[in-house]
Amino acid sequence: MALTVKDILELPCGQKMTLIAGGGGLNRPVVTVEIADYEFDPDVNYDASAGMDTNGFIITSFLFAKNDPSLILKSIKQMQENGMSCVAFKRIIYTELPTEVIAFADKNDFPVFTMENDLWFENIIFDIMYAVQFDDKVYLSEEKIDSMLSGTMTRSELDIILKGISLKLRPYVSVTYVSGDSLDAGRILRSFYLLKGFHSKGLMIRYGDGLFLITTSTRKDHKSHALIRQEAFELLGIPEDVSMGMSDVRHNTSLDRAFRESRQCWFASVAVEKNFDHFGQIGICRVLLPALKEEESVAFAKEILVAFADKSDLLETASEYVSTGGDIAKAAASLHCHQNTIRYRLGRIRELTGLQDVTDSELYLQLKTALIIDRARAMIL
């Protein structure tokens, strides 16, 4: 299972905390940590239920209740109602809590801790978020992601992942894979675990040189998940020039399929040199990508491309012709040459490959297929 309040007590910061109420709630899950020193101040216009993640470990000095002890009970009731996991307070303003607060916490199994005054909030945040990130890495290790991508993961193994990761999955999920030379995966992953108010919607995990982002929602439509993805990308500063691939929206029990679709969509985006919005848009790549290692696929691509592999102008033209959907005018504009130049080069490609008698649409399809196979194999092998 995911980290619990009890697990947090085993961390270095937990060694400096003392349970004073709500001992029956030590098995509550913890997915993030939040500081609450103004969020519950009645004079501050802040919606704590909207701005704070559920299953959070709350740390506070009760600064907002400095002049009104009754606000402590009110805030803890709101924490409980909003799905927070527990609260730990530093005994600076209050050394003891009102008896009604202790009674409420015990009745509702809502753990309340005191912490030693030399324990810094920053240390707690680091310890807990590092532990959550480490726990996610255990359940979503590269080995286990490889198993999902290859389709060899068993149902029981997938169920363990679904129950163990910090993200509490809603009925529907999608997965996005993102990678590129400008992507600082380590920095982005560290920033993700410090995001405030996002951990109930998504989970990010590293894979190779890139990152997988799992998004979850009660809605099945692609637009809802694309908006969550966009929010994460903007918050994390993910560059616009990276290649990405997003799965279709699946039920959470098909998380492994969503991982496969995401990776295939990414391969397709790189192979045709444009980003697809989601897996359902990759067209012929759905057939080609699973067959990359087949002998006939390799032979087909080689027979076409080797004919003009040493002619950079023809390779460039074929690539642009394919990426523009077979539009000669667009290809010419992109390559800064006349349309007749594109037609001449395509004619040379026909001669060299023996495709003089095929239609324009057939030429486009064969060039596209060969380039997709060649580029995708270069990435995989």
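Just so it is clear, none of the values below were taken in a lab; they were calculated from the coordinates. Predicted model, so just to flag it, every value in this text is computed and none were measured. We place every Cβ from the backbone using ideal geometry, glycine too, and count neighbours over all the protein chains shown.
A few comments on the model shown:
- For the chain, the relative contact order is 13 percent, taking Cα pairs closer than 8 Å that sit 6 or more residues apart in sequence and dividing their mean separation by the residue count.
- Looking at the chain alone, DSSP beta bridges between its own residues are antiparallel in about 65 percent of cases.
- Length released on extending from LYS196 to GLU143, taking residue separation times 0.36 nm less the Cα-Cα span: 16.2 nm
- Residue-by-residue Karplus 3J(HN,Hα) for the range 92-105, coefficients 6.51, -1.76, 1.60, Hz, glycine and proline x: 10, 8, 10, 8, 10, 9, x, 4, 5, 5, 4, 5, 5, 4
- Mean-position separation - Cα centroids, the range 6-41 and the range 250-311, in angstrom: 46
- Of PRO12, THR99, TRP120, farthest towards positive along the dipole that unit charges on Lys, Arg, Asp, Glu beta carbons give the range 5-132: THR99
- For the range 140-283: rounded, prolate or oblate by the Cα gyration tensor [a/c cutoff 1.5]: rounded
- Scattering profile of the range 5-132 at q = 0.11, 0.19 Å⁻¹ [log10 I(q)/I(0), Debye over alpha-carbon scatterers]: -0.32, -1.05
- Pairwise FRET efficiency - SER156 versus ASP68, Cβ, R0 = 56 Å, nearest 0.05: 0.60
- The H on the amide N of PHE40, modeled in the peptide plane, is under 5 Å from the matching H of no residue at least 5 residues off or on a different chain.
- At R0 = 51 Å, FRET efficiency that the Cβ-Cβ distance of ILE92 and ASP277 yields, to 0.05: 0.50
- The ranking of TYR139, TYR38 by Cβ neighbour count inside 10 Å, starting from the fewest, reads TYR38, TYR139.
- The label point for ARG219 and the one for ASP313, both projected 7 Å from the Cα toward the Cβ, are 5.2 nm apart.
- Semi-axis lengths, largest first, of the ellipsoid equivalent to the range 183-248 are 19, 14, 11 Å, with √(5λ) applied to each eigenvalue of the Cα gyration tensor.
- Computed from phi, the 3J(HN,Hα) profile of the range 23-31 under the Karplus parametrisation 6.51, -1.76, 1.60 (θ = phi - 60°) reads x, x, x, 6, 8, 5, x, 10, 10 Hz, with x in place of Gly and Pro.
- The HN-Hα couplings worked out from phi for the range 168-183 by the Karplus form 6.51 cos²θ - 1.76 cosθ + 1.60 (θ = phi - 60°) are 7, 6, 7, x, 10, 9, 9, 10, 10, 10, 9, 7, x, 4, 8, 8 Hz, whole numbers, x standing for Gly and Pro.
- Length-normalised contact order for the range 140-283 - Cα pairs under 8 Å, 6+ apart - percent: 30
- Only Cα pairs under 8 Å and 6+ residues apart enter the sum, and on that basis the relative contact order of the range 5-132 stands at 37 percent.
- FRET efficiency for ALA329 and LYS77, using Cβ-Cβ distance with R0 set to 56 Å, rounded to 0.05: 0.25
- Shape call, the range 92-181: gyration tensor on alpha carbons, a/c limit 1.5: prolate
- Summed over all non-identical Cα pairs, the Kirkwood treatment of the chain gives a radius of 23.8 Å.
- Label-point separation, TYR130 to GLU240 (7 Å along Cα→Cβ), nm: 3.7
- Cα centroid separation, the range 77-124 to the range 185-215 (Å): 29
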